[in-house]
Amino acid sequence: LKAIAFVKPVNAEVVGFVLKAIAAMPTATSPSHELSIYRSRSRVQNRSRRRRFWAAAAATAAAAAAACAAPALQSQLRAFSAPSPSSGFGGGGAAAEDDGVAPRVSFRERVASLMGRRGSEWDLCAPVEGATCQCVGTAALHTWTGDWAMLRHTNGSIRCTSDAFGEDPRPNFAKVCSCFAGPRWPLEVVDGLNETIARKLVARIEVGPPGAGCDPASDGAWLPCAVMSTRYDASVIPDRYLPMLPPAEQADAALRKLDVCHRMAGGRQAIRILGVLPAKQARASLVPVMATKASMCAVVYEPGTGIVWEGREAVFCPTTPPQCLPACECADASHKRINVRAGKDDDTECWACVPAEEATGEVAPPPDGPMETKVSVSV
């Protein structure tokens, strides 16, 4: 535009030429704008370099692993294809030591040895995600490093997938499954636990000598199994908070705790389950509980007999109102049953036992026989 001022006279051709020249000039940018463009281009280039670097590193690691594993896999294939003198089929039996043939090592044992789990209480049951884990006991879905796990109790098999275990807090990580072997708890034990949980009781597991039962004379022989309960995600939860969990998770936690207590007892001690009300203090789980103070009691393992469910038919009422149960009887014949919810908006019956001189309100006569309730929760 300044050039137009020096042209005399100013005509339309000169103005059009100057305007075309201005339009053809590049747009001026500030130094800060140019710097931001440079930085964005640098970030893109750096990301591209990093991707190429990690791709090359992964390829190198895979090649090295394949090179290291090749001799072992060849030896395993030779051992598998070698005929066994006992069976006559390839890999069907133990090879003779003097033949110079390496013993057959399964892929599961090889992976377990690589993970450092040989000789431990956990055995690898599914070496890859998506396989079927054959397990009687507690199954765990975890990463290769073992720093996280989802737990489930199973009496047969379970798919090694996050869908079967319910959650996947470690997405995009390869996972395997391991098994903590335990006894096969029959349906009677599961139903007994379901009834205990349906009554809003906590399953307290105790260990005692063979022959001890639910009678008052055996109370001093039982000791609590000092094992913390765990949730599906393997997080520890105090027993007094168990009733806050869904019934299915409570039953699963009780069965997994039974597995651990049975392993600790070594099969030489008896195990019983007491159905107790949730304690208000954490230390209450370590205090001995008399069978007459527990609403439910059942022996679930006897060394000479095996797994049983020898439960007490009577369900005892709590002796500390307002704690109550919908159907129960007094353990002490001198006590009276009272309906804790009598005269309240809630018309459902809930009973507790108190001394006769303290009984007020709606008092129920003692039942003629053992009370039965049809309460169950599916696992």
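The values are calculated or read from the model by the stated rules, or taken from the named source; none is laboratory data. Just so you know, these numbers come straight off a predicted model, no measurement behind them. We place every Cβ from the backbone using ideal geometry, glycine too, and count neighbours over all the protein chains shown. Just so you know, the surface numbers come from the protein's heavy atoms only, side chains and all, with ligands and any DNA or RNA stripped out. Shrake-Rupley method; radii C 1.70, N 1.55, O 1.52, S 1.80 Å.
A few remarks follow.
- The GluC sites (Glu not before Pro) found in the range 165-229 that occupy coil by DSSP, while having at most 11 further C-beta atoms within 10 Å, are Glu167.
- Val315 long-range amide H proximity, modeled H, under 5 Å: Glu329, Met371
- Distance from the range 304-355 to the range 225-282 (C-alpha centre basis), Å: 22 Å
- Under the Karplus curve 6.51 cos²θ - 1.76 cosθ + 1.60, θ = phi - 60°, whole-Hz ³J(HN,Hα) for the range 318-335, x wherever Gly or Pro sits: x, 10, 10, x, x, 5, 7, 9, x, 8, 6, 9, 7, 6, 9, 5, 7, 8
- For Thr132, solvent-accessible area (1.4 Å; no DNA, RNA or ligand), Å²: 60 Å²
- Per-residue ³J(HN,Hα) for the range 134-144, Karplus 6.51 cos²θ - 1.76 cosθ + 1.60, θ = phi - 60°, Hz, x for Gly and Pro: 8, 8, 10, x, 9, 9, 10, 9, 8, 7, 5
- Other-chain or far-sequence residues with amide H under 5 Å of Tyr301's (modelled H): Ile271, Val308
- Computed from the Cβ-Cβ distance with R0 of 56 Å, the FRET efficiency linking Ala342 to Trp144 stands at 0.40.
- Long-range HN-HN contacts of Ala131 with modeled amide H, under 5 Å: Cys160
- Length released on extending from Ala248 to Asp168, taking residue separation times 0.36 nm less the Cα-Cα span: 26.9 nm
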